[in-house]
Amino acid sequence: MKIAFYNTKPYDKIWFEPLSKEHNCEINFIELPCSEQTSSLAKGHDLVCAFVNDQVTSVMIDEFHSLGIKAILLRSAGFNNVDLKAAEGKMPILRVPSYSPESVAEFAATLLLTVNRHTHRAYARTRDFNMNINGFTGRNLFQKTAGIVGTGKIGQAMVNICKGFGMNIIAFDPYPNHDLDVKYVTFEELVTEADVISLHCPLTPETTHMINRDTIALMKKDAYLINTSRGALIDTESLIEALLSGKFSGVGLDVYEEEEGVFFEDKSNDIIEDEQLVRLTSFHNVLITSHMGFFTHEAMREIATTTLENAAAVLKGEPLVNEVKI
């Protein structure tokens, strides 16, 4: 079993190489992104493994099909980066539907605590031995209202964390989990009532730019907005407008709608051409991290294990339990 493993990062080899021997497969680690320019590198392989920021187009799928690729493996839960219609009838798309949901939820809480208590700014200030705490006033989370958007496994983990803070929980999900001890409300009610809004839903046509000029207008002026899901859930232009008007006590973003080619890369010596991203970094109450909410030992082990189990299922003709269906 040979896998063309695109967009390889150093940590991928750490986790995938040892497990590849257990699954009797050969992984060709390719540092280049999976793109129309590099899809020919999959020749001679059985499977392709794409990264979360690789855009797998219909042109690429047709080429993979002509090369005899049996399936595309996604080492992520999200699948909005793949043309599923183009793949239908040609090859299955398999994902990792769940990997340590607690890792992402705990990171969402980390972003919330950081922007609330200004620990990132305090760290920078005290490194210069400036011990002035002026401007670092935060707010108690106890008895505040947390609005959880999406109550899948990650959203449920976030609910548990917020309950630990003694927060009141409201939630929105088009498919509510009635076994979960939360109060479900409409999305409009959630953004109106919540002191903290945390996004934990997939990116679909229905959720794209769900945080926009109109929904931001409904929010409390001093609300906190946290996004560890997908960048395009938020309309960046509307967010910047709101920040300029003094909206939000804090915003924590682990994802960004135009992150492809920037996040996960070292751009410290480059001129950043994305003016919106540069503008976001200029706000003192905005914290941006590089899509690292998943990045724990437990999550990486689960990602590697499930991805290779998906590969084995394809080649053994076993049921594809993690296949993405249209």
Grab the beta carbon distance between Glu188 and Glu26, set R0 = 35 Å, and tell me the FRET efficiency rounded to 0.05.
0.10
Report, in whole Å, the centroid distance computed from the Cα atoms of the stretch 3-22 and the stretch 220-262.
33 Å
Could you list, bin by bin from short to long, the percent of Cα-Cα pairs of the stretch 51-200 in 10 Å steps?
10, 28, 23, 22, 13, 4, 0
What's the Kirkwood radius of the stretch 1-108 in Å, using all Cα pairs?
14.3 Å
Taking every DSSP beta bridge with both residues inside the chain, roughly what % is antiparallel (nearest 5)?
5 percent
Can you tell me, using C-alpha contacts under 8 Å and at least 6 residues apart, the relative contact order of the stretch 1-149 as a whole percent?
17 percent
For the stretch 121-194 and the stretch 290-317, what is the centre-to-centre distance using only Cα atoms, to the nearest Å?
28 Å
Quick one: if the Förster radius is 30 Å, what FRET efficiency do Leu315 and Thr204 give, using the C-beta to C-beta distance and rounding to 0.05?
0.45
Mean accessible area per residue over the chain (1.4 angstrom probe, all protein chains present, square angstrom) is 49 Å²
Rounded to the nearest 10 Å², the accessible area of Lys163 using a 1.4 Å probe with every protein chain kept is 80 Å²
Please get the size of the charge dipole for the chain, origin at its Cα centre, with Cβ charges of +1 on Lys and Arg and -1 on Asp and Glu, quoted in debye to the nearest 20.
840 debye
Multiplying the sequence separation of Glu106 and Asn212 by 0.36 nm and subtracting their Cα-Cα distance, what value in nm do you get?
35.6 nm
Extreme residue, positive dipole direction of the chain, given options Ser103, Tyr256, Ser290 (C-beta unit charges)
Ser103
Compare Arg75, Arg117 by solvent-accessible area with a 1.4 Å probe and give them largest first, with all protein chains kept in place.
Arg117, Arg75
Might you work out the accessible area of Asp181 for me, using a 1.4 Å probe with all protein chains in place, and round it to the nearest 10 Å²?
120 Å²
Could you work out what % of the accessible surface of the chain is carbon and sulfur, using a 1.4 angstrom probe and leaving DNA, RNA and ligands out of the count?
51 percent
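The values are calculated or read from the model by the stated rules, or taken from the named source; none is laboratory data. Remember, predicted model here, so these are calculated numbers, not experimental data. Here the Cβ is made from the backbone with ideal geometry for all residues, glycine too, and neighbour counts use every protein chain on show. To get the accessible areas, we keep the full protein, side chains included, count just its heavy atoms, and leave off ligands, DNA and RNA. Shrake-Rupley method; radii C 1.70, N 1.55, O 1.52, S 1.80 Å.
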